[in-house]
Every structure is written in structure tokens, then in C-alpha cells.
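Since every read-out is calculated from the coordinates, none of them should be taken as a lab result. Since we're looking at a predicted model, the values are computed, not measured. FYI the Cβ positions are ideal-geometry reconstructions off the backbone, even for glycines, and counts take in every protein chain you see.
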Amino acid sequence: MKIAVFVSGGGTNLQAIIDNIKSGYLSGVEISLVVASNSGAYALQRAADNGIPSKVLSVKDFPSREEWDKTVLSEVKASGAELIVLAGYLSLLGAQTVREYSNRIINIHPALIPAFCGAGMYGIKPHEAVLKRGVKVSGATVHFVNENYDEGPIILQKAVDVQWDDTPEVLQKRIMKECEQVILPRAIRLIADGKVVIENNIAYVKDQEEK
Ligand code: GAR
């Protein structure tokens, strides 16, 4: 299964996918394209280091959002990708892309949806909000993407305890390592194996190991 991975920053989630392809856990999965929202994303270097084709497609470089959306969609299609993986992608996808890849776009969010999500909750912000509210568990969620931020069917979640002396940065690092980099490759494996079924806006993971 070919996948297109969308990035905006450091690319640790992209790296986790690459490492899991190399280790054989994601055998049969190939990253056909990396799409970055900005040219400064270190994730682009990770793609280059691993011989993966990449494109910088930034809305601001196009005459309109529609033109940008059209280009994104045609590049992804041309790469042969069957699944779009938003791995730390901080822009909202275009409507046409979301429609055409309906139920074939997944996102990793650094909190336990439906808490600490939605517009403006990205990067370090959910972790700041978690500490401000004093909740005792947080984690990450992989979900399908629809036209609203963080509202599509949930595929996998993983939690960690929040420690009394956590800073947003410390919590972010722990969630990236122990949650995001575990459940994002796992979700891709499950989808590639046809084990994720969506019925009535709920994603059912039909796998014994996941119980
Ligand atoms: C990750 O923590 C990811 O969950 C988050 O951005 C970070 C990107 O890290 N995504 C969002 O906040 C999306 N709402 P990375 O570039 O090192 O993978």
C-alpha cells in the first residue's frame, strides 16, 4: 500500500513510519510522497535522507485555496497513494482532497480526543492546556479526517499518566515517544491489513491484538 505523508515540522512521526517500514513491521507499505506545508520543515531532510520524493505545497504560494487544493490532490494521486497520513501536519486540508480521499486520510493528534482538540489545538498547545486543567491522563489519538478539525472516527488511542512536575515540553516528548510513535504505525498496519471498518461514523478495529 502506497501512502502520502503530510508534514509541517520536525517529522518524528514520519521517522517512526520510515523506521517501521525498515524494520519490516510495515512490510508492504511504501511512502510514495512526502508533502510539506513549508520549506523549513526538518521532515523534508528526513525524506531526502531516505530517498523519498517530497513536495513543498504551501497555500500562500498559490493564487487561491482551491488552486492549492487541486495541486495537492493531483500530486497525491500521481504518486499512487491510497492513504494520506497527516503526521504533524498543521494546515487544514482542502475540501476536494478530503472528499476524494474520504475515509482514506488519517491524522495523529497529541491528546485524547474529544478532549483538548479542535481549531488552535496543535503542537505544544494541547499539552499546555492539559497541565492548566490539571487532568491526570493524556495521550494521543489516531483518527480519520473529515471536513471538521479532529472530528472523524477514532481508530486508536494511547494514554500516559501526567506527572506532577511535567512541563508542556516534557509531556509532549513523552506522548510523542510512548504514544504517537506507537499508534501511528500501528494504525497504518491495521488499515493496510483491512482491519479497520467504518460503520455509522465509528471506526471498528477488527483485530484480536487490539482488544
Ligand atoms: C506531533 O506532536 C503531532 O501529534 C502534532 O504535531 C507534532 C508534530 O511532530 N500534531 C498536531 O498537533 C495536529 N493537530 P513531528 O513533526 O515531529 O511528527
Debye, to nearest 20: dipole size of the chain, +1 on Lys, Arg Cβ, -1 on Asp, Glu Cβ: 120 debye
Environment charge at residue 113 (Cβ cut-off 9 Å; Lys +1, Arg +1, Asp -1, Glu -1): -2
Furthest towards positive pole of dipole, 176, 129, 114, structure part the chain, Cβ charges: 176
Dipole magnitude of the range 31-113, debye to nearest 20 (Cβ charges: Lys/Arg +1, Asp/Glu -1, about Cα centre): 80 debye
Residues 29, 59, 196 arranged by fewest to most Cβ contacts within 10 Å: 59, 29, 196
Three-way shape label, the chain, alpha-carbon gyration tensor, a/c 1.5: rounded
Length-normalised contact order for the chain - Cα pairs under 8 Å, 6+ apart - percent: 19 percent
Surrounding net charge for residue 127, when Lys and Arg each add one and Asp and Glu each subtract one, Cβ distance under 9 Å: -2
Charge sum, other residues only, whose C-beta stays under 11 Å from residue 20's C-beta, Lys/Arg counted +1 and Asp/Glu -1: +2
